[in-house]
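The values are calculated or read from the model by the stated rules, or taken from the named source; none is laboratory data. Here the structure is a predicted model, which is why all the values come from computation and not from measurement. Methodologically, a virtual Cβ is constructed for each residue, glycine included, from the backbone with ideal geometry; neighbour enumeration extends over all protein chains shown. To get the accessible areas, we keep the full protein, side chains included, count just its heavy atoms, and leave off ligands, DNA and RNA. Shrake-Rupley method; radii C 1.70, N 1.55, O 1.52, S 1.80 Å.
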Amino acid sequence: MIARLSVLLPFHLTVPDGQQFPVYQAEDSGYGIHFYPPGRSENAPPLTEEEKITIDGVTAFQADALRIDFRKESFDRRAGTHIDPPEDVIDRAINFFLTRLRHVARAGQVRPVRFPLVTWRMRYLNDDESEFKEEAGLVRGRGTKSFSFSFIALTNKIWTDVFSLPPDYEPPPWESLLLDATVEMPSIGPALVLAATALEVFISRVLDRLAPTKVVPPELWHWINERGNRLKEPALEEQYDVLMKFLTGHSLKDEPLLWEAFKNLKDARNAFVHEGIAKIGQTPVSTETANKLIASASNIIAKIREWLPNELHWPEFKYDLTVEIQKRLF
């Protein structure tokens, strides 16, 4: 029996028209897996007469659907039951291809997907690829349609605030890094590296600006932070604890939840950099945990901003908005 999966890709693959691709096979948890070359979904817009795509002079088309066949003696097609093959088997099969494609094609825009949070369709077929007849209580296919909306609210207040900034204004570099971290998700490792880097850049800049307010001699401050040996310079924890305490009277350690998040973010970042997997202890970081760590980085910066003198504050914008979208799909 065949469970034929079609997944709508969040990017296009340019494929030579008419070229024959070999079908590759794998196995997972007792399921035979057959990978077929991507094709066009039924929703893919046709090329216009003005458009022409070629690869090495050969006419090509834009593929947006990945096809994978799962084969087994039988599948559970009962209505109301979990999908067969299981979600984790399908997820691994999809990302088996995508992670390798990203590396081989050097295509940074190819990202892992989270099945079933994509648009997909599965059809159950006989071994000869014929359709099953309708039977009460049994399904002949399954599927979901996924939608992603990205929007930015622009109100009169936001418009005014945009132009209230000085002509030579440059956003704080840590803010840009944190925004990049949120966009990088769900790529957990790179996102956490950006968030952790934001905290490193932030504390370095803030301490350098705070030191003169405590009349720390420039020569002493340079000696503390620039010893020509990174192992002799203040560790990141010491910057957020000892130096911050000396210069503001506050330590991040005084905020237990933020301090714990700070340590976890640092550990997860180091694990990813050195081992290739973001972990806290021996536990891989989930998408939910990664989002919380990135949010905690913003909260740490916001808390320390409260401890700084007004002349060291940077512009901060917060809006209380409720956005509702209604869209008729059918």
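With respect to the conditions (1) assigned to a helix (DSSP H, G or I); (2) open to solvent by 30 Å² or more (accessible area, probe 1.4 Å); (3) within 30 Å of ARG40 (Cα to Cα); (4) free of Cβ contacts under 8 Å to residues at least 40 places away in the same chain, SER176 lacks only one, and its number is (3). Scanning the range 273-323 for residues that are assigned to a loop (DSSP other than H, G, I, E, B), open to solvent by 50 Å² or more (accessible area, probe 1.4 Å) and among the β-branched types (Val, Ile, Thr) gives ILE277, THR322, VAL323. I'd like the full set of residues that are touching a Pro at 6+ places or on another chain (Cβ under 8 Å) and under 30 Å from SER130 (Cβ atoms), limited to the range 20-63. The answer is PHE21, SER29, TYR31, ALA63. Please determine whether any residue of the range 131-145 is farther than 22 Å from ASP28 by Cα, within 24 Å of the chain's Cα centre (by Cα) and open to solvent by 80 Å² or more (accessible area, probe 1.4 Å). Yes, the range 131-145 has at least one match. With respect to ILE224, is the statement that it is modelled with pLDDT under 95 and in contact with a Gly (Cβ under 9 Å, 6 or more places away or on another chain) true? Judged against the criteria, ILE224 is not a match. Of the residues examined, ALA136 is not one that is modelled with pLDDT of 85 or more and touching a helix residue (DSSP H, G or I) at 6+ places or on another chain (Cβ under 8 Å). The criterion of at least 3 residues that are in contact with a Leu (Cβ under 9 Å, 6 or more places away or on another chain) and surrounded by 14 or more Cβ atoms within 10 Å (Cβ to Cβ) is met by the following strands (runs of 3 or more DSSP E) wholly inside the range 17-102: 31-39, 58-71.
Can you find a residue in the range 109-129 that is exposed (fewer than 10 other Cβ atoms within 10 Å of the Cβ) and over 31 Å from the mean Cα position of the chain (by Cα)? Yes, some residue in the range 109-129 is exposed (fewer than 10 other Cβ atoms within 10 Å of the Cβ) and over 31 Å from the mean Cα position of the chain (by Cα).
Of the residues making up the range 103-114, at least one is closer than 21 Å to PRO38 by Cα and part of a helix (DSSP H, G or I). Among the residues of the range 259-272, those identified as open to solvent by less than 50 Å² (accessible area, probe 1.4 Å), over 11 Å from LEU192 (Cα atoms) and free of Cβ contacts under 8 Å to residues at least 40 places away in the same chain are TRP259, ALA261.
For ARG78, state whether it is in contact with a Ser or Thr (Cβ under 7 Å, 6 or more places away or on another chain), closer than 30 Å to MET1 by Cα and in contact (Cβ under 8 Å) with a residue 60 or more places away in the chain. Criteria not met by ARG78. Restrict the check to the range 103-121 and report whether at least one residue is out of contact with any helix residue (DSSP H, G or I) (no Cβ under 6 Å at 6 or more places or on another chain), among the charged types (D, E, K, R) and at pLDDT 90 or above. The answer is yes, given that some residue of the range 103-121 is out of contact with any helix residue (DSSP H, G or I) (no Cβ under 6 Å at 6 or more places or on another chain), among the charged types (D, E, K, R) and at pLDDT 90 or above. The set of residues from the range 227-258 being aliphatic (A, V, I, L, M) and either open to solvent by 60 Å² or more (accessible area, probe 1.4 Å) or modelled with pLDDT under 80 (or both) comprises LEU231, VAL242, LEU257. Residues in the range 186-208 that are surrounded by fewer than 18 Cβ atoms within 10 Å (Cβ to Cβ) and part of a helix (DSSP H, G or I): PRO190, GLU200, VAL201, SER204, ARG205, ASP208.
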